[in-house]
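Peer 1: Take this structure, written in structure tokens, and hold onto it; I'll ask about it next.
The values are calculated or read from the model by the stated rules, or taken from the named source; none is laboratory data. What you are looking at is a predicted structure, and each value in this text was computed from that prediction instead of being measured. With ideal geometry, Cβ positions are generated from the backbone for all residues, glycine too; neighbour counts draw on all protein chains shown.
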Amino acid sequence: MPKKFNMDNNGLPLPAAFYKMALIMRGKMQDRLLNEKWFPKSFRSPCIGLVHGIGSMGPISQKEIANWLGLDPSDVVSLIDILENEELVMRTRDLNDRRKQMLSLTRKGEELRKKLQIVGNEVMRDVLSPLDDKEVEIFRSMLQRVVQHHNENEGKK
């Protein structure tokens, strides 16, 4: 594990660089999506993560998707309402536990998810344009390794 995260001699400290990159990506994504006629104007930023998560892991419970996104389950309810009003997601009772609401994308939700992935890939190409193909692959590989490590160790605290 690296002992020095500050990296002042190379510009921004590492935590600030990650934060700034996330802001850049979010801003570029919002700019692109707000100009798309197919993008629901009622969406709030976390709705994009919900569509992706439900589409890739669904059917999934509201609690599980909230945990995956790092959001409070009570905050997720209003976001799911937005998706449901746009006919992008449907809630069904879990057959094994009637207290659970299971979420899955509708056909319209799947179509939106595909469009969001295309725009997301274009935005990533733009954000990472200072890097060559090999550097992008190294960056992606390192990020996936960090995320995988934290996913695997999430419940071991």
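Peer 1: Report, by residue number, each residue of the stretch 103-156 that is among the basic types (Lys, Arg) and either free of Cβ contacts under 8 Å to residues at least 24 places away in the same chain or more than 22 Å from Lys41 (Cβ to Cβ) (or both).
Peer 2: Arg107, Lys108, Lys114, Arg125, Lys134, Arg140, Arg145, Lys156
Peer 1: Identify all residues within the stretch 13-60 that are surrounded by 16 or more Cβ atoms within 10 Å (Cβ to Cβ), over 18 Å from Ile118 (Cα atoms) and at pLDDT below 90; write none if there are none.
Peer 2: Correct list: Gly58 only.
Peer 1: State whether one or more residues within the stretch 76-93 are among the small types (Gly, Ala, Ser) and either touching a Ser or Thr at 6+ places or on another chain (Cβ under 9 Å) or modelled with pLDDT of 95 or more (or both).
Peer 2: To start, the set of residues in the stretch 76-93 that are among the small types (Gly, Ala, Ser) comprises 78.
Pick out the ones that are also either touching a Ser or Thr at 6+ places or on another chain (Cβ under 9 Å) or modelled with pLDDT of 95 or more (or both) and you get none.
Within the stretch 76-93, not a single residue is among the small types (Gly, Ala, Ser) and either touching a Ser or Thr at 6+ places or on another chain (Cβ under 9 Å) or modelled with pLDDT of 95 or more (or both).
Peer 1: Could I ask something else about it? Scan Glu152, Glu135 and give me the residue that is of a type in the set (D, E, K, R), surrounded by 10 or more Cβ atoms within 10 Å (Cβ to Cβ) and at negative phi.
Peer 2: Matching residue, one of Glu152, Glu135: Glu135.
Peer 1: Can you tell me which residue among Glu84, Glu64 is assigned to a helix (DSSP H, G or I), charged (D, E, K, R), crowded, with 17+ Cβ neighbours inside 10 Å and on the phi < 0 side of the Ramachandran plot? Break it down into steps so the answer makes sense when it comes.
Peer 2: Working: Glu84 fails: crowded, with 17+ Cβ neighbours inside 10 Å.
Sole residue among the options that is assigned to a helix (DSSP H, G or I), charged (D, E, K, R), crowded, with 17+ Cβ neighbours inside 10 Å and on the phi < 0 side of the Ramachandran plot: Glu64.
Each row is one residue, and each column tells you yes or no for (1) touching a Leu at 6+ places or on another chain (Cβ under 6 Å); (2) over 28 Å from Ser129 (Cα atoms); (3) touching a residue at least 40 places away in the same chain (Cβ under 8 Å); (4) assigned to a helix (DSSP H, G or I).
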site: Ala17; (1), (2), (3), (4): no, no, no, yes
site: Met25; (1), (2), (3), (4): no, no, yes, yes
site: Asp31; (1), (2), (3), (4): no, no, no, yes
site: Glu36; (1), (2), (3), (4): no, no, yes, no
site: Trp68; (1), (2), (3), (4): no, yes, no, yes
site: Ser78; (1), (2), (3), (4): no, yes, no, yes
site: Leu95; (1), (2), (3), (4): no, yes, no, no
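Peer 1: When you scan the stretch 106-157, how many residues do you find that are assigned to a helix (DSSP H, G or I) and closer than 30 Å to Asp81 by Cβ? Show your work before the answer.
Peer 2: The first filter runs over the stretch 106-157 and keeps only residues assigned to a helix (DSSP H, G or I), leaving 107-127, 133-156.
This time we only want the ones that are closer than 30 Å to Asp81 by Cβ, so: 107-124, 147, 150-151, 154-155.
Matching residues across the stretch 106-157 total 23.
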